[in-house]
Amino acid sequence: MTRFHTHRHFAAAPDTVFAALADPVRLARWWGPAGFHNTFAECEVESGGMWRFTMHGPDGRHYANESVFETVDAPDRVVIRHLNHPHFRLTITLTNHPSDGQPGTRVDWEQVFDSADVAAAVQAVVVPANEQNLDRWQAEVAAQIPSGRD
């Protein structure tokens with residue numbers, strides 16, 4: 001198994017950050033790398049809930065995805081198992097981390113692939129895509145906070 005990990009600080013409380021993940025309408029707005037948009041067929045953000053959607057790339061290609069939310073422990077942790085190729089488990093951990101007296105959340109994003117060969121083949125795409133995903137999530141959260149703070 002091969003693991004890719006990144007983290008980010010959000011200038012919002014964990015509940016606020018989690019809300020942008022737990023709401024399918026908001027999740028559809030930010031999920032995926034830059035330039036992508038999504039069509040959700042099913043999105044049950046609860047432990048055991050299914051998530052079926054299509055990512056539409058800027059190149060006009062469509063990418064079908066099927067996942068299960070293995071664990072949803074609001075607002076601290078979400079574990080998503082990607083069921084179609086490439087197979088991986090994504091663990092998102094939100095930790096309360098205020099800064100300078102302002103709300104803050106550390107978001108840890110850990111993606112573990114079942115196959116080291118597959119991970120090696122997709123690494124050049126996945127690593128920057130994960131950063132872009134966090135950029136988009138961060139922008140979604142910031143857009144919902146009046147004057148940039150919650």
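Every number here is computed from the coordinates shown, using simple stated rules; none is lab data. Please read all numbers here as calculations on a predicted model, not as lab measurements. Heads up, the Cβs are rebuilt from the backbone with ideal geometry, glycines too, and the neighbour counts pull from every protein chain shown.
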(request) Could you calculate the contour length gain from D114 to T95, that is, 0.36 nm times the residue separation minus the distance between their Cα atoms, to one decimal place in nm? (result) 4.2 nm
(request) Before anything else, pin down the relative contact order of segment 10-148: Cα pairs under 8 Å, at least 6 apart, normalised by residue count, whole percent. (result) 25
(message) Between 0 and 90 degrees, rounded to the nearest ten: what's the tilt of helix 116-143 against the longest Cα principal axis of the chain?
(response) 30
(message) How large is the Kirkwood hydrodynamic radius of segment 1-121, counting all unique pairs of alpha carbons, in Å?
(response) 15.2
(message) To make sure I understand, if each residue's beta carbon is the centre and we count other beta carbons within 10 Å, what order do R61, R136 fall in, fewest to most?
(response) R61, R136
(message) Could you tell me how far the Cα centroid of segment 68-124 sits from the Cα centroid of segment 5-19, in Å?
(response) 12
(request) Quick one: which residues, 5+ away or cross-chain, put their amide H under 5 Å from the amide H of R77? H built at 1.01 Å from N. (result) L94
(request) In a Gaussian network model over the chain where Cα atoms closer than 10 Å are linked, find which of D100, D117, D15 has the largest mean-square fluctuation. (result) D100
(request) Return the sequence-ordered ³J(HN,Hα) values of segment 95-107 in whole Hz as given by the Karplus equation 6.51 cos²θ - 1.76 cosθ + 1.60 applied to θ = phi - 60°, using x for Gly and Pro. (result) 10, 4, 8, x, 9, 6, x, 9, x, x, 9, 8, 9
(request) Enumerate the amide H contacts of A12 below 5 Å, restricted to partners 5 or more residues apart or on another chain; note that Pro and chain-start residues carry no placed amide H. (result) G104, T105
